[in-house]
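Undergrad: Dropping the structure in here first, questions after.
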Amino acid sequence: MKRGIGSTLLIVFGIILMLSSFGLKFYSKKKESNLVNKLDKEFNKEYIRNKNKNSEKIVEKRKVDIGDGIAIMQIPSINLKTVIVEGIEKEQIRYYVGHFTDSVMPGEEGNFSIAGHSSHIYNELLNELYKVNVGDDINIRTLTKEFKYKIEKKFIVEPTEVRVLDQIKNEKVMTIVTCTEKGNKRLIVKAKIQK
């Protein structure tokens, strides 16, 4: 009798864990999808508004707070379209790809650096990143411009190797950081802006 109750409790506990995992994934995907749609609409309105303005006019930078959406990233080769938000703290990268606040913004001179999970626990945004190849495109769309980066390198480092985030002068590059499949190392994708 005790054995039957124990087995039943284990089965129920297993089902609860599976449902929790699916629920969290669904919630994460829904939250990310809602922000992609919101930014798409916002960026489209701004594009139409700026289309009639003088193209030589410099668009003022808007104030960006932690958690604000700053860009939409598309990597066609892995069918990825996601939002990049400001910040890489737990709350930001649990649901989105986050921008390292001490790195430059998209299209600026230096190293535009972002990070996100490739996790079966939180979100799966960068799970397919290991499939990209040198030469693949990364499209970044901000409120005011679109940028195309081309992947130049893909490699694995230890989590302590933060030199990949170093700023670079006279170049416009991008770095994407995510965990490897087992989570004990970091997959790095380096790309360079195309003119």
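Undergrad: Please pick out the residue among 104, 83, 177 that is closer than 18 Å to residue 69 by Cβ, out of contact with any Leu (no Cβ under 7 Å at 6 or more places or on another chain) and not in a helix (DSSP H, G or I).
TA: Every option except 104 fails the conditions.
Undergrad: For region 122-161: of the residues being closer than 14 Å to residue 84 by Cβ and modelled with pLDDT of 95 or more, which is surrounded by the most Cβ atoms within 10 Å (Cβ to Cβ)?
TA: Once the filter is applied, the top-ranked residue is 149.
Undergrad: What pairs come up if the first residue lies in region 101-112 and is at positive phi, the second is not in a loop (DSSP other than H, G, I, E, B), and their beta carbons are under 6 Å apart, counting only those six or more places apart or on different chains?
TA: 107/147
Undergrad: Taking the conditions exactly as written (farther than 15 Å from residue 103 by Cβ, among the hydrophobic types (A, V, I, L, M, F, W, C) and touching a residue at least 40 places away in the same chain (Cβ under 8 Å)), does residue 126 satisfy them or not?
TA: The answer is yes for residue 126.
Undergrad: Residues in region 124-135: is at least one of a type outside the set (D, E, K, R), in contact with a Pro (Cβ under 9 Å, 6 or more places away or on another chain) and not in a loop (DSSP other than H, G, I, E, B)?
TA: No, because not a single residue in region 124-135 is of a type outside the set (D, E, K, R), in contact with a Pro (Cβ under 9 Å, 6 or more places away or on another chain) and not in a loop (DSSP other than H, G, I, E, B).
Undergrad: Hey, among 31, 45, which residue is modelled with pLDDT under 80 and surrounded by 12 or more Cβ atoms within 10 Å (Cβ to Cβ)?
TA: 31
Undergrad: Among (1) under 15 Å from residue 69 (Cα atoms); (2) in contact with a Gly (Cβ under 9 Å, 6 or more places away or on another chain); (3) of a type in the set (Phe, Trp, Tyr), there is one condition residue 95 misses while meeting the rest; what is its number?
TA: Evaluating residue 95 over (1) under 15 Å from residue 69 (Cα atoms); (2) in contact with a Gly (Cβ under 9 Å, 6 or more places away or on another chain); (3) of a type in the set (Phe, Trp, Tyr) leaves (2) as the failure.
Undergrad: May I pose another question? What do you reckon, is residue 168 among the hydrophobic types (A, V, I, L, M, F, W, C), within 24 Å of residue 85 (Cβ to Cβ) and surrounded by 14 or more Cβ atoms within 10 Å (Cβ to Cβ)?
TA: no
The values are calculated or read from the model by the stated rules, or taken from the named source; none is laboratory data. Here the structure is a predicted model, which means the values were calculated and not measured. Cβ atoms come from the backbone with ideal geometry, glycine included; neighbour counts cover every protein chain shown.
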